[in-house]
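What follows is one structure encoded as structure tokens, with my remarks underneath.
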Amino acid sequence: MPENLGSPSPPHGIDSTVPHSARIWNYWLGGKDNYEVDRVAGDAYREIAPNIETMARASRAFLVRAVAFVASELGVRQFLDIGTGLPAEDNTHQVAQRVAPRSRIVYVDNDPLVLSHAAALLRGGSEGVTDYVAADLHEPEKIIEAARKILDFDKPVALMLMGILGHIQDYDEARSIVRRLLAALPSGSYFVHYDGTDTDADLKKAQQGYDDTGAVPYVLRSPQQIEAFYQGLYLMEPGLVSCPLWRPEPGTNPQPTDVYGGVARLPPAIKDTDGAP
């Protein structure tokens, strides 16, 4: 695990007095892009829910496997990764461009610390394209408008919402955002997603304690609520499952944890309604 060398002065616009989920996630993954307030909050969370670091690492491993699967087995060459978070080992562009060097990746986030690390995110392969859009998930049409300048929306795109929908507190709004984003994508595109579940009492208690710090809350949802994000889509095998159980590496013995994910293919048309297309 990389050594944390302390808290440097935060870039302009970053409040280092309130814990932030992206920085805490970075801390749990062994990164150094965090502050004392994040480490204190991360330790407090882990004290109540000891499996949180296992969840964080399982989520990152799922991202790597899912991107590799979509790029290699499904042949997708364009990725729209919304809610990028801080750089870690095996970011989306690194995984995709290892499989297909000409892959095009657009990262989207609205966090000033992530923006300050954009240079690190943009170091993609020389043959492909890696770019960054500063935008808010609450405004999906603006995200699509910006992404169209970089991605070819006449060809399949993999929409990635990795651990971000929990920050949309209103469930109906979260579902609407997903459908509005999907509605802009061409046929043959894919939805790649994971989110934390409310199936563990300790995790729910730890999350409530974190939310009470004044940080941006994260809503843990039931597997049934999460499954509804995929309504009208064709889930690839093995479906929506605990992330460690999704196409695990051969020879491993994965154990389920409280974060669910899946990869789904879009049908010929997606409409911005609650009904199937």
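Considering only the stretch 186-205, state which residues are assigned to a helix (DSSP H, G or I) and buried (at least 22 other Cβ atoms within 10 Å of the Cβ).
L203
Can you pull out every residue in the stretch 76-92 that is part of a loop (DSSP other than H, G, I, E, B), over 13 Å from A22 (Cβ atoms) and at pLDDT below 95?
Hits for the stretch 76-92 are E89, D90, N91.
Between V64, V106, which is under 15 Å from the mean Cα position of the chain (by Cα) and assigned to a helix (DSSP H, G or I)?
V64
Here are some conditions: (1) modelled with pLDDT of 90 or more; (2) over 15 Å from A158 (Cα atoms); (3) among the basic types (K, R). R123 meets all but one. Which one does it not meet?
(1)
Residue under question is S59, and the condition is that it be within 18 Å of the chain's Cα centre (by Cα), modelled with pLDDT of 80 or more and not aromatic (F, W, Y); does it hold?
Answer is yes for this residue.
In the stretch 206-222, what residues are modelled with pLDDT of 95 or more and either surrounded by fewer than 18 Cβ atoms within 10 Å (Cβ to Cβ) or of a type in the set (F, W, Y) (or both)?
Residue satisfying the conditions is S222 alone.
Any residue at all in the stretch 205-214 that is touching a residue at least 40 places away in the same chain (Cβ under 8 Å) and either within 14 Å of L266 (Cα to Cα) or among the basic types (K, R) (or both)?
Among the residues of the stretch 205-214, at least one is touching a residue at least 40 places away in the same chain (Cβ under 8 Å) and either within 14 Å of L266 (Cα to Cα) or among the basic types (K, R) (or both), which makes the answer yes.
Mind counting the residues in the stretch 233-263 that are of a type outside the set (V, I, T) and outside any loop (DSSP other than H, G, I, E, B)?
Looking only at that region, the number is 9.
Condition first: part of a loop (DSSP other than H, G, I, E, B), out of contact with any helix residue (DSSP H, G or I) (no Cβ under 7 Å at 6 or more places or on another chain) and modelled with pLDDT under 90. Now tell me which residues in the stretch 25-50 satisfy that. Reasoning before the result, please.
Of the residues in the stretch 25-50, the ones part of a loop (DSSP other than H, G, I, E, B) are 29-35, 49-50.
Those still in the list that are out of contact with any helix residue (DSSP H, G or I) (no Cβ under 7 Å at 6 or more places or on another chain) too: 30-32, 50.
Listed by number, the residues that qualify are G30, G31, K32.
How many residues are buried (at least 16 other Cβ atoms within 10 Å of the Cβ) and in a helix (DSSP H, G or I) if we restrict to the stretch 159-180?
10
If you take the residues in the stretch 232-271 that are surrounded by 15 or more Cβ atoms within 10 Å (Cβ to Cβ) and more than 17 Å from A61 (Cα to Cα), which one is modelled with the lowest pLDDT?
I270
Quick check on the stretch 141-158: of everything there that is of a type in the set (V, I, T) and touching a strand residue (DSSP E or B) at 6+ places or on another chain (Cβ under 8 Å), which residue is surrounded by the most Cβ atoms within 10 Å (Cβ to Cβ)? Can you show your working first?
Just the residues of the stretch 141-158 that are of a type in the set (V, I, T), to begin with: 143-144, 150, 157.
Okay, now just the ones that are also touching a strand residue (DSSP E or B) at 6+ places or on another chain (Cβ under 8 Å), so 143, 150, 157.
On the way: I143: 24, I150: 16, V157: 28.
That would be V157.
For D43, only one of the following conditions fails: (1) under 27 Å from L235 (Cα atoms); (2) out of contact with any Lys or Arg (no Cβ under 9 Å at 6 or more places or on another chain). What is its number?
Result: D43 passes all but (1).
Consider the stretch 128-180. How many of its residues are basic (K, R) and closer than 24 Å to R65 by Cβ?
1
Which one of these is under 30 Å from D198 (Cβ atoms) and surrounded by fewer than 22 Cβ atoms within 10 Å (Cβ to Cβ): D131, D90, D81?
D90
The values are calculated or read from the model by the stated rules, or taken from the named source; none is laboratory data. Quick caveat, the model's predicted, so the values are computed rather than measured. A quick note on method: Cβ atoms are made from the backbone with ideal geometry, for glycine too, and the neighbour counts reach across all protein chains shown.
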